[in-house]
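First comes the structure, then the notes that go with it.
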Amino acid sequence: MPTVRRITELQDEMTAWRRDIHAHPELGFEEKRSSDVVAAKLAEFGVEVHRGIGKTGVVGVLRAGTSKRNIGLRADMDALPIQEANSFAHRSRHDGKMHACGHDGHTAMLLGAAKYLAETRNFDGTVHFIFQPAEEGIGGARAMIEDGLFRRFPCDVIFGMHNRPGMPLGKFAVRSGPMMAGGAFFDIDIEGRGTHGARPEAGVDPVLVAAHVTAALQSIVSRNVRPVDTAVVSVTQIHGGDAYNVIPQRARLSGTVRAFSNQVMELIGRNMTRVAEGVAAGFGAQAKTDFRPIFAPLVNDPKEADFAAGVCAEITGADSVRRDPALIMASEDFSFMLNEVRGCYINIGNGDGEGACEVHNPSYDFNDQALPYGASFFARVVETRLAR
Ligand SMILES: [Zn+2]
Ligand SMILES: [Zn+2]
């Protein structure tokens, strides 16, 4: 287990930080205490601190030598609206909120790397430690970018990571190109003409139209998307009517779309609008589609994926690095940063076997044994890329 030796020595300290953050979870854009903790630690390490980027976002700046090269390392700080089921000492102190995705661990690993790099300064260039708020679907990465993240803190390249339950400790997964799906939400409002349930000929039934639109939408992936592209269209809600004997005036369909490129996402949005309008018109109704991309697809730069895999291999051996993990249909908003700056996002093992609880589960806990691996990855990325 040749993690960086000095970082292995920080195990107890990183564990204490991680458990403190775990005990005090905060939802997206409410990371007041978490960002206070991060800012105070960075300052204590001698890292220059900038706050309020994307509301509660924090950026630490560490320079060494004279090189103009820049690198960005990113962790997320937000928790989820889940009631924690664990009973250990560091369980959530806040009802209905919990670090169920391991962002407490991601933050502790990046802090560990910052402490080590500030101590050793064995690199030539500038490191930007990016602690982002609100990763869980409410736009923290975009908020930081819109606040001038990369204008104020230029990065030639950026790296991020997520823990993966079920993958053994000390293992890494790195994929070149698309890795995680982009996600969109949609609402389709169907306007018919309400009437008595026994007199359908006097109205236009939006419930029947909604059923036909739902079925027709399933032709998009099978008939409009290229068979070699991966995508999902799921209608997850149908709302309409509230009486047995009334054909309502309107109905609403809602759902989600996943795809691995912006082009496919746009194609699905266009076709969805056309199918909904066309089917509704065929029945004498009207459909209005609101299609909202929420996450961009996460696409790793092939060269940076090779680089990241090399750094992982150096830490735990080439056998510990999977280069062909399956595509992940879930989304991650680091994708918006990768749209601005090339880089790579990796997965790090959170342990397998008994107790390997999935993220977003009320019994999940980040595995503290993973901390030195992730912190070593961040540290070695800097020392390798910004070598003196
Ligand atoms: Zn999550
Ligand atoms: Zn997460």
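What follows is calculated from the coordinates using simple rules that are stated; it is not laboratory data. Because the structure is predicted, anything quoted here is derived from the model rather than measured. Quick reminder, even Gly has a Cβ in these numbers, built from the backbone with ideal geometry, and neighbours come from all protein chains shown.
Specify whether the C-alpha gyration tensor of the range 108-189 places it in the rounded, prolate or oblate class, a ≥ b ≥ c being the square roots of the eigenvalues: rounded for a/c under 1.5, otherwise prolate if a/b is larger than b/c and oblate if not.
Verdict is oblate for the range 108-189.
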Tell me the label-point distance for the pair Thr66, Ala89, using the 7 Å Cα-to-Cβ offset, in nm and rounded to one decimal. 5.1
Would you pull out the residues with amide H under 5 Å of Cys357's amide H, same chain only if 5 or more places away, H placed 1.01 Å from N? Asp365
Given H placed on each backbone N at 1.01 Å, which residues far from Asn300 in sequence or on other chains put an amide H within less than 5 Å of it? Gly177, Met179
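Find the eigenvalues of the gyration tensor of the Cα atoms of the range 301-355, then list the square roots of 5 times those eigenvalues as equivalent ellipsoid semi-axes, largest first, in whole angstrom. List each step's numbers first, then the result.
Values: eigenvalues 91, 59, 17 Å².
Ellipsoid semi-axes (Å, largest first): 21, 17, 9.
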What residues have an amide H closer than 5 Å to that of Asp76, excluding those fewer than 5 places away on the same chain, when H is modeled at 1.01 Å from N in the peptide plane? Thr107, Gln132
Would you mind checking the radius of gyration and Dmax of the range 1-113 based on alpha-carbon positions, in Å? 15.0, 50
Listing Glu304, Glu84 by rising number of other beta-carbon atoms within 10 angstrom, fewest first, gives Glu304, Glu84
Euclidean distance between Cα centres, the range 131-154 to the range 307-383, Å: 20
How big is the C-alpha Rg of the range 245-388 next to the rule-of-thumb value 2.2 N^0.38 Å, as a ratio? 1.51
The chain - charge dipole about Cα centre, Lys and Arg +1 at Cβ, Asp and Glu -1, debye rounded to 20: 820
So for the chain, Kirkwood radius off the Cα pairs, Stokes-Einstein at 25 °C and 0.890 mPa s: how many µm² s⁻¹? 109
The chain, helix-only ellipticity at 222 nm - DSSP H runs n ≥ 4, -39,500 (n - 2.57), divided by all residues, nearest 500: -10500 deg cm²/dmol
Asn262 and Gln369 label points (each 7 Å along its Cα→Cβ direction) are spaced in nm at 4.2
